[in-house]
Amino acid sequence: MTSIPVITIDGPSGSGKGTVAVRIAEKLGFTLLDSGALYRSVGIAALRGGIDLRDHQQIAELARHLNIEFGVSSPDSVWLDGEDVSLEIRTDIGSELASQIGAIPAAREALYERQLAFRKAPGLVADGRDMGTVVFQDAIIKIYLTARPEERAQRRYKQLIDKGIDASLPDLLRDLKERDARDSERPISPLKPAKDAVVLDTTDLHIDQVVEQVLDLVSERLVSWRS
Ligand code: DC
């Protein structure tokens, strides 16, 4: 067993995993790995570079050598080749491209080593789709957050409207279901709970309640892991 504990938080978009991961990492003083941001950054870099997503070799090359920095201007900021792309990677185009990149085995392989490098003392909170099933199989606790698609689409809708961005709820729901299907049905590292994951349905919970529940589970596990 290694001495650096990892906490994995996996699940589909809109399940609350990103917010929960940030808050847990802050609370524990652990490093944060937002693996979705890596897939998103590769997607945006491919778009900018005019790289065809069918060219798996070039995409893998891009993933391997991409110059990505986290937390430069704020804890959740993402910089690509010295430029702040935090907002761009979170657009719907960014989500769509990331889901397509995630289905490319050579891209996943290229990002695998990069993700392992985030494991630093005193610990890591890693969020994504395959953190518990593939990348950090020895995590001390694996959380899988989920929620009904309608609720997840509604959360995204509210987020966009609050930002003053026009959006259509039926379109958001359709796109989300499409990405869910692609992420869950791909042959390599599909979205699914690890066998030893704690599954939490957040449909009827406020984000603060989710954070509280996960924090309780994690704190309990850390105590027994340390003793
Ligand atoms: O977590 P997110 O919504 O930022 O992820 C965006 C997309 O990236 C997701 O639809 C699939 C891909 N992804 C992945 O394949 N594996 C991960 N560990 C994280 C994200």
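What the table shows:
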item: Label point at residue 27 placed 7 Å out along Cα→Cβ; residues across the range 191-205 whose backbone nitrogen lies under 20 Å; result: 197-205
item: Simple Cβ-charge dipole of the range 90-227, Lys/Arg +1 and Asp/Glu -1, about Cα centre, in debye nearest 20; result: 380 debye
item: The range 28-152, accessible area per residue, ligands and nucleic acids excluded (1.4 Å, Å²); result: 43 Å²
item: Placed amide H near residue 148: partners under 5 Å, 5+ positions off or other chain; result: 203
item: Residue among 87, 71, 110 farthest towards the positive dipole end of the range 70-118, charges placed on Cβ; result: 110
item: Accessible-area ranking of 151, 69, largest first, probe 1.4 Å; result: 69, 151
item: Net length gained if the chain between residue 116 and residue 93 were fully extended (0.36 nm per residue, minus Cα distance); result: 5.6 nm
item: For the chain, built as a Gaussian network whose Cα springs stay under 10 Å, the top-fluctuating residue of 132, 49, 14; result: 49
item: Integer Hz, Karplus 6.51/-1.76/1.60 couplings in order for the range 30-36, x for Gly and Pro; result: 8, 6, 10, 10, 9, 5, x
item: Residue pairs, from the table 142/195; 27/120; 17/192; 142/177, whose Cα atoms sit over 18 Å apart; result: 142/177
item: Whole-Hz couplings from phi, Karplus 6.51/-1.76/1.60, listed for the range 15-29; x for Gly and Pro; result: 7, x, 4, x, 4, 4, 4, 4, 5, 5, 4, 4, 4, 8, x
item: FRET efficiency, 1/(1 + (r/R0)^6) with R0 35 Å, evaluated for residue 185 and residue 159 via beta carbons; result: 0.85
item: Two-site label geometry, residue 168 and residue 216: point separation in nm, points 7 Å out along Cα→Cβ; result: 4.2 nm
item: Added length on full extension, which subtracts the Cα-Cα distance from 0.36 nm per residue, residue 72 to residue 52; result: 4.3 nm
item: Helical contribution to [θ] at 222 nm, DSSP H n ≥ 4, -39,500 (n - 2.57), averaged over the chain, rounded to 500; result: -15500 deg cm²/dmol
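The values are calculated or read from the model by the stated rules, or taken from the named source; none is laboratory data. Only a predicted model underlies this, so the values are computations on that prediction, with no experimental measurement involved. Reconstructed Cβ throughout: ideal geometry from the backbone, glycine too, with neighbour counts over all protein chains shown. Only protein heavy atoms, including side chains, enter the accessible area calculation; ligands, DNA and RNA are left aside. Shrake-Rupley method; radii C 1.70, N 1.55, O 1.52, S 1.80 Å.
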